[in-house]
Amino acid sequence: MPSYEFECVDCKKSFAVVLSIKEREKGGVQCPHCSGKNVKPLITPFQVKTSKKS
Ligand SMILES: [Zn+2]
């Protein structure tokens, strides 16, 4: 399940939501803290697993 991290512009809190690309494009993301829709996506690497062997 892909999860996306967002930051609320209004209350400055970040949160992660699991949603499909479609839902994400629809812009149905809401801040769980203040119910604001003024959120922006954060690009976070926590989904990335590096399997580099050096
Ligand atoms: Zn908020």
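A few notes on this one:
- Amide H to amide H distances under 5 Å link LEU19 with TYR4, where only residues 5 or more positions off or on other chains count and H is placed in the peptide plane.
- Label-zone membership for segment 15-41, site GLU5, 7 angstrom Cα→C-beta point, backbone N under 13 Å: 15-17, 41
- Each residue of segment 3-19 is assigned a 3J(HN,Hα), and the resulting list reads 10, 10, 9, 10, 10, 7, 6, 6, 10, 6, 9, 9, 7, 10, 10, 9, 7 Hz, derived from the Karplus form 6.51 cos²θ - 1.76 cosθ + 1.60 (θ = phi - 60°), x at Gly and Pro.
- Cut-off under 5 Å, modelled amide H: who pairs with VAL39 long-range: VAL9
Every read-out reported here was derived from the displayed coordinates using simple, explicitly stated rules and does not represent laboratory data. It should be emphasised that the depicted structure is a prediction, and the values quoted were computed from it without experimental measurement. Here Cβ is always computed from backbone atoms with ideal geometry, including for glycine, and neighbour counts include all displayed protein chains.
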